[in-house]
Structures are given as structure tokens and as C-alpha cells.
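Contents: one structure, followed by commentary.
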Amino acid sequence: MLCIPAVPAANRLLASLPRADHQHLLRRCEAVELVFAEVLYLAGERIPHVYFPTGSFISLVTPVENGGGLEVGLIGNEGMLGITLMLGVDIAPFQALVQGAGPALRLPATQFLAELERSPALQMALKRYLYVSMRQLAQTAACNRFHVVEARLARWLLKTHDRAHADTFHVTHMFLAYIMGVRRVGITKAALSLQQQKLISYRRGDVTILDRAGLEAAACGCYRIEKETYERILACGAPESITG
């Protein structure tokens, strides 16, 4: 089994590669700084680059007819953006929206495909990551259909906490309503309930996680399932704070 180590401020997929492959790929990547709310590409556009977040995180949003959207995935330093290139498809299936500003490594799509051909270790790591991504996508679909807003919000906050690597991060009720596909009043009510339970605090768009264990208890079981899937397939020996 591929074991992905927990490496703060680095991309864990790349860090899992043999040293020679890791160093070779790093030399070809460009270090970039992702900006909050930046759109890296839209659904239906060609994928010009792949991204390996190191201190940033990216929402995958599927558009809907009324101009809204629904978040179906979240990528931090445990993964990569542009995985569909492995399938021979260079069209983005989702909008990629920067949710957490910070550094990332970027590689042109053509160079990424060349590196895949060159490195069997990279192929294996990304095949496993692709499986995890598919499993999490299916879990998100079930969660959005069957679970109440408060439990979904708790799950989303936990997933973001994992990737932000900080107890406080910025997000507005309007943005949460957009990516979760619910009315803003529903988000406000759910967030107020979590605050009253002293699980989080919220002030001027800044959320602070006060009681991580309590928030996990308030979340639906989807968070635990996704986390266990990642750890079983990829993260041998990773600490509990990594990915949901």
C-alpha cells in the first residue's frame, strides 16, 4: 500500500514519491500564490495547468441552471487539481475556486502528462488518489441529499479546518449558502446552533473552531467515512487532523 506521510506546508502526494521522482517533479513545478476567490478554471474549459496545493485549498463547484453552484469537492495539500488528465480528458468537469489563499505548485498540463509517462510511482500515487476522489464525490452526493444543513455545515467546517491548518479561517454565510446549495437563512440558523453549543465562534466572516471533538459529533457520518477512506487507501500513519 502507498503510504503518504503528513508533511506540513508541503504537498503530501508529491512527498509520497521516491526521492528521485519527488525532486525531479519539484524542479519542473512553478511556485505560485493562490488568491482567495480566484477562479483557476471554469467547468467545460480546457485544463491548462495542474495544481498541487501546499498551503492553500480549492473548492470544486458544479454549476446549476439558476446561476448558483454546489461544492462537490475540496482539495488541500493532501491532493491535486486536474486529476482528470489521467483519464485522457483535458476538459475541467468542475469550476475550481480558491477558497483558502496560499502557496501551491503549478505544472503545465502537457508537462504533467510527460511526467506521468516517465514515473510509474507518480502514476500509482495518482491512481489511488483518483479512487479516493471518486469515493468522496459519491459520499458528497449522498450527504447533500439525505443530511440536514447543520450536520452538513459541521462536516464542511471540519474539512476546511483540516486543510486550513489553522483554527480560524474566513468564510461568509453568503458563500456557504452558495457552495452548499441552501438558502442563506438556513446557513445562519445552522451556524447559530453550532455557536450556541460552543463548538465554533463566528465574527465578521471569521470562523474559529472551539471544540473539534464536539464538531465531529455534530457532523454527519460522511466526514468519518471520507477520512477513513483516505487513510485506508493513502495515508498510512497520518495524524488524525489530516483530511476529511
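Of the residues contained in region 171-180, one or more are found to be within 26 Å of Glu231 (Cβ to Cβ), part of a helix (DSSP H, G or I), touching a residue at least 40 places away in the same chain (Cβ under 8 Å) and not small (Gly, Ala, Ser). Tell me whether region 75-88 contains one or more residues that are part of a strand (DSSP E or B), within 23 Å of Ile187 (Cβ to Cβ) and either basic (Lys, Arg) or not assigned by TED's automatic domain parsing to the domain that holds Ile179 (or both). Within region 75-88, one or more residues are part of a strand (DSSP E or B), within 23 Å of Ile187 (Cβ to Cβ) and either basic (Lys, Arg) or not assigned by TED's automatic domain parsing to the domain that holds Ile179 (or both).
Mind listing whichever residues of region 49-92 are modelled with pLDDT under 95 and charged (D, E, K, R)? Within region 49-92, Glu65, Glu71, Glu78 qualify. Picking from residues in region 37-65 that are under 14 Å from the mean Cα position of the chain (by Cα) and in a loop (DSSP other than H, G, I, E, B), the one that is surrounded by the most Cβ atoms within 10 Å (Cβ to Cβ) is Ser56. Which residues, taken from region 89-122, are surrounded by fewer than 19 Cβ atoms within 10 Å (Cβ to Cβ), part of a strand (DSSP E or B) and in contact with a helix residue (DSSP H, G or I) (Cβ under 8 Å, 6 or more places away or on another chain)? Once the filter is applied, which keeps residues that are surrounded by fewer than 19 Cβ atoms within 10 Å (Cβ to Cβ), part of a strand (DSSP E or B) and in contact with a helix residue (DSSP H, G or I) (Cβ under 8 Å, 6 or more places away or on another chain), region 89-122 yields only Ile91. Within region 164-181, being of a type in the set (A, V, I, L, M) and either more than 19 Å from Pro63 (Cα to Cα) or crowded, with 19+ Cβ neighbours inside 10 Å (or both) holds for Ala164, Ala166, Val171, Leu176, Ile179, Met180.
The values are calculated or read from the model by the stated rules, or taken from the named source; none is laboratory data. Note that the structure is predicted; figures quoted are calculated from it, not measured. Note: ideal-geometry Cβ built from the backbone for every residue, glycine included; neighbour counts use all protein chains shown.
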